[in-house]
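Have a look at the structure below, then the notes.
FYI, it's all coordinate maths here, none of it is from the lab. These numbers were taken from a predicted model, which means no experiment stands behind them. Every residue, glycine among them, receives a Cβ derived from its backbone with ideal geometry; neighbour counts consider all protein chains shown.
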Amino acid sequence: MRLFTVARKFHLRRVLSSKGVPVWTKHRIVAGKSRVLQIISLMGTGVIMSGCNELPSSIPVIGAYFPDWIFCSIGGIVMAAVVRTIIQWTKFEHRIGMAVLFYPALALIFSCLIWLLFF
């Protein structure tokens with residue numbers, strides 16, 4: 001008994017010739033396209049669902065439950081404000097171009113770092 005089967009690379013297909021006579025021809029099988037898509041979709045589903053757990057991640061504060069991301073974003077904003085104060089105190093702010101984009105990006109980076117470190 002063979003445990004593994006080898007996929008055929010060709011299969012026979014019945015087609016009509018130019019004169020209308022049925023002829024068996026050898027056609028190449030395009031193997032694995034649907035199988036590759038199945039594997040990719042299963043892997044993608046696994047990656048998406050890896051963050052799901054039984055209980056929602058929340059922190060109780062005086063009897064009310066708040067999601068973790070709120071605390072991470074507040075911490076990121078506070079840390080970005082501290083960095084902004086340090087930058088202004090050192091008179092380095094004139095070297096930062098596009099401050100409108102810099103400080104929100106800094107807050108986002110700090111929020112993600114807090115999330116990675118504590119949750």
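A few comments on the model shown:
- Residue match in segment 72-90 (condition: in contact (Cβ under 8 Å) with a residue 40 or more places away in the chain and of a type outside the set (Ser, Thr, Tyr)): yes
- Residues that are out of contact with any helix residue (DSSP H, G or I) (no Cβ under 9 Å at 6 or more places or on another chain) and within 17 Å of residue 108 (Cβ to Cβ) within segment 80-98 comprise 82, 98, listed in sequence order.
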